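This report concerns only the one structure given below.
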Amino acid sequence: MTRLTILEYPDPRLRTRAAPVTQVDDSIRQLVADLFETMYAAPGIGLAATQVNVHQRVLVADVSEDKNQPVALINPEIIAADGAEITEEGCLSVPGYFDRVERPNHIRVRALNLQGEVFEMEAQGLLAVCIQHEMDHLQGKLFVDYLSELKRSRLRKRAQKQRRQEPEHAAL
Ligand code: GNR
Ligand code: NI
């Protein structure tokens, strides 16, 4: 397993739309293992492949207290959604920023498992929010896109200033 580097806003690679996985093979299973390792180390409750610059439709999540309920979804699709709830969201790609986002709080998802078999699951509350947040990443969307232009422009300035102070981003 390998801990991968997480891209940070406003890195344009976070805007890439991921392609569907065509075959669930060992390279995909390796990617899932690396995503879990990276997510747990961060620590975070979810991670999308987009965030580690891999543009395939793969995400992982674990919202449990004891970090023992891993969920891996390949080519996820939301087939039903209802309810609405405001959650204070954060993102490993937007470190240090949290804000309220409203989303459906109950979803039904269809995806492939690590064996490449289709399965369906229901999710509620934080898991439902997390899966939607990760699925947005796979489309190049970030939770800050739901905020006002004013908030986002302040955040962009702050993030660009922060990145310029890091040697690996000095050219930005
Ligand atoms: O760790 C994370 N916490 C979180 C909290 C509220 C709503 C969504 C999330 S996902 C985030 C990890 C992350 O950035 N996943 O893409
Ligand atoms: Ni995120």
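Where a number appears in this text, it was derived from the coordinates with a stated rule and is not lab data. Everything numeric here is computed off the predicted structure, so don't read it as measured data. As a convention, Cβ positions derive from the backbone with ideal geometry for all residues, glycine included, and neighbour counts pool all protein chains shown.
Here the simple spin-label model places points 7 Å from the Cα toward Cβ, and for Lys67 and Leu150 these points are separated by 3.9 nm. Taking only the C-alpha atoms of region 63-172, Rg followed by Dmax gives 16.5, 46 Å. Over region 89-142, Cα pairs under 8 Å with separation of 6+ residues give a relative contact order of 25 percent. Once the C-beta distance of Glu117 and Asn53 is scaled by a Förster radius of 22 Å, the resulting FRET efficiency is 0.20 to the nearest 0.05.
Need one number: % antiparallel among DSSP beta bridges in the chain, to the nearest 5. Write out the running numbers ahead of the final one.
Numbers: 25 of 26 bridges.
Percent antiparallel among DSSP bridges in the chain is about 95.
In this calculation the C-beta distance from Ala80 to Leu126 is compared with R0 = 22 Å, giving a FRET efficiency of 0.75.
With viscosity set to 1.567 mPa s and temperature to 4 °C, compute the Stokes-Einstein D of region 1-133, Rh being the Kirkwood radius across alpha carbon pairs; µm²/s, no decimals.
86
Converting phi to 3J(HN,Hα) with the Karplus coefficients 6.51, -1.76 and 1.60 and the offset θ = phi - 60°, region 34-41 yields 5, 5, 4, 4, 5, 5, 5, 6 Hz in sequence order, with x at every glycine or proline. Amide H contacts under 5 Å for Gly46: Asp62, restricted to partners 5 or more places along the chain or on a different chain, H placed in the peptide plane at 1.01 Å from N. The string of couplings for region 87-94 from the Karplus curve (6.51, -1.76, 1.60, θ = phi - 60°) is 10, 6, 9, x, 8, 5, 8, 10 Hz, one whole number per residue in order, with x for Gly and Pro. From most to least packed by mean Cβ count within 10 Å, the peptides 92-102, 67-77, 125-135 give 125-135, 67-77, 92-102.
Taking packing as the residue-averaged number of other Cβ atoms within 10 angstrom, the listed peptides 33-44, 139-150 run from highest to lowest as 33-44, 139-150.
Once C-alpha pairs closer than 8 Å and six or more residues apart are averaged by separation and normalised to the residue number of the chain, the relative contact order reads 22 percent. With K and R counted +1 and D and E -1, the other residues having a Cβ less than 13 Å from that of Val63 yield a net charge of -4. For region 4-39 versus region 81-143, the spacing of their alpha-carbon centroids is 16 Å.
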